[in-house]
Amino acid sequence: MTPKAPTPETITVARPDLPPLDDFLPSLREIWDSHRLTNNGPFHQRFEQALAQYLGVPQVALFTNATLALLVAQQALGLHGEVITTPFSFVATAHSLLWNRLRPVFVDIDPVTLCLDPRRVEEAITEHTSAILPVHVYGTPCDTQRLAALARQRGLKLLYDGAHAFGVDDGGGSLLRHGDASVVSFHATKAFNTFEGGAVICHDAAFKQRLDRLKNFGFAGEVSVVATGINAKMNEFQAALGLMQLGRFDASLSKRAAVAARYSHKLAHIAGLRCLPRADVARNNHAYFPVFVDEGFAVGRDALHEHLKRHGVLSRRYFYPLITEFPMYRELGAHSEAHLPVANDVARRVLCLPIYADLALDDVDRIADLIRTA
Ligand code: T4K
């Protein structure tokens, strides 16, 4: 019998960067010995402070994930009625609004940044609008200046879904400093992970206190409950990992940058294939590596996705279908090909290639060759 050719290991779109287990064991032991597992424990406090310092922002409130952080931030901001947001995002962005009984109003995205188009936002403002919820998709900054001006002029709250934006510096500091508040995700698939996790970045201590109460059932002291809070607290294990990851993040980012640079080089000059233009930022986080499959490419986007899969490369079509295409959102009347032309077009073309700190450059070359020969 002829021996089977070895199949290369599957390469997934993301893979969490983790410290060596032995490095993490002392933190685990500390938690075990103290029996302090959650509820604003010492690791939680240290991580919150370290994060604020690392990001250069005034206030950070940690959460168990970004979805609950979005939910709670909207409550803390007192949103009501309609909130203008993007259909080109992970479904959690819009779901968080529905959980708060807010009506998402979807407007189109900018063809270059793929983030909310401020002109479309302005057109969509009504007397019922209370806020704008833009997303820094793939870590590319939204037009923060125009959105801030619009929010100021029209008296709207500005809450950023910065789930993808950890580590991005737009030249003035962390991208997460913008708006009334920004939410970031530390999910396993993100550039920076705490297993799961998230945070709200905000400007003043009073707002952080509101968030802290809301994420802890609404408690304002041992025997006082002041709001319909929820349980959205980050636990000590997540916080201990986060603290350790903070010290490793810059090195991890350099590795991601090398992967991104290799893709950019290898995928240049392929007819019908475009990479996302490099964002004009002081520091990118290379959280995703999207490419766009145009008519001139050898095969369609879905065929390329399948072709890679057959060769053990699991790319993802983030964010296809658009949120507005999910049946439950269609039922809400959100679906519209006509007023979301850019988002519809991008969702049909996009393919996110594997990117993570430990992705070998040889594997990047192999993926690029698979694309070139599709
Ligand atoms: N806002 C935006 C704009 C977001 O993108 C997200 C989340 C949120 C809000 C909400 O944030 P969180 O509440 O999650 O903090 C993933 C993530 O679950 C989700 O966090 C993320 N965005 C979204 C874009 O992607 P899936 O369903 O694609 O993940 P999954 O499980 O298919 O993982 C992708 C690949 O990653 C797997 O093939 C293998 C690898 N992987 C995954 C996990 C979970 C690992 O190697 N290890 C792991 O532990 O949603």
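The values are calculated or read from the model by the stated rules, or taken from the named source; none is laboratory data. What you are looking at is a predicted structure, and each value in this text was computed from that prediction instead of being measured. Note: ideal-geometry Cβ built from the backbone for every residue, glycine included; neighbour counts use all protein chains shown. Calculation scope for accessible area: heavy atoms of the full protein, side chains included, ligands and nucleic acids excluded. Shrake-Rupley method; radii C 1.70, N 1.55, O 1.52, S 1.80 Å.
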> Rounded to the nearest 500 deg cm²/dmol, what is the calculated helix-only ellipticity per residue at 222 nm for the chain, with -39500 (n - 2.57) per DSSP H run of length n ≥ 4?
Replying inline: -12000 deg cm²/dmol
> Which number do you get for Rg(Cα) / (2.2 N^0.38 Å) in segment 1-145?
Replying inline: 1.46
>> Give me the base-10 log of I(q)/I(0) for segment 277-355 at each q in 0.14, 0.16, 0.17 Å⁻¹, Debye formula, one uniform scatterer per Cα, rounded to two decimals.
In response: -0.59, -0.74, -0.81
>> Using a Förster radius of 51 Å, what is the FRET efficiency between E123 and D33 based on their Cβ-Cβ separation? Nearest 0.05, please.
In response: 0.30
> Extension gain A205-L370, at 0.36 nm per residue separation less the Cα-Cα distance, in nm?
Replying inline: 54.3 nm
>> Can you tally the lysine pairs in the chain where the Cα-Cα distance is under 18 Å and the two residues are eight or more apart, or on different chains?
In response: 5
>> Going 7 Å from the Cα of K309 along its beta-carbon direction, which residues of segment 328-363 have the amide nitrogen within less than 20 Å of the resulting point?
In response: 347-355
> segment 1-99: which GluC sites (Glu not before Pro) are DSSP loop and have at most 13 other beta-carbon atoms within 10 angstrom?
Replying inline: E9
>> Defining a contact as two alpha carbons under 8 Å apart and six or more residues distant in sequence, what relative contact order in percent does the chain show?
In response: 22 percent
> So how do 269-276, 16-23, 235-242, 308-315 stack up, highest first, on mean other-Cβ count within 10 Å?
Replying inline: 235-242, 308-315, 269-276, 16-23
>> Can you tell me how the chain classifies by the Cα gyration tensor, rounded, prolate or oblate, using a/c under 1.5 as the rounded cut?
In response: oblate
> Once the Cβ-Cβ distance between T10 and A298 is put in as r, and R0 is 35 Å, what FRET efficiency do you end up with, to the nearest 0.05?
Replying inline: 0.90
> Modelled label-to-label distance, V112 and H339, 7 Å Cα→beta-carbon offset: nm?
Replying inline: 2.6 nm
> Under a Cβ-Cβ limit of 4.7 Å, which cysteines in the chain have nobody to pair with?
Replying inline: C202, C275, C352
>> What distance in nm lies between label points placed 7 Å from Cα along the C-beta direction at Q53 and F24?
In response: 2.3 nm
>> Please report the carbon-and-sulfur percent of the accessible area for segment 21-245; probe 1.4 Å, protein heavy atoms only, DNA, RNA and ligands left out.
In response: 51 percent
> So which residue, out of M244, M234, M328, gets the largest mean-square fluctuation from a GNM of the chain using Cα contacts under 10 Å as springs?
Replying inline: M328
> Relative contact order for segment 15-143 using alpha-carbon pairs under 8 Å, separation at least 6, rounded to a whole percent?
Replying inline: 20 percent
> Where only protein heavy atoms count, and the probe is 1.4 Å, what is the accessible area per residue for the chain in Å²?
Replying inline: 46 Å²
> When the chain is treated as a GNM, springs tying every alpha-carbon pair under 10 Å, which of T228, T67, T189 comes out with the largest mean-square fluctuation?
Replying inline: T228
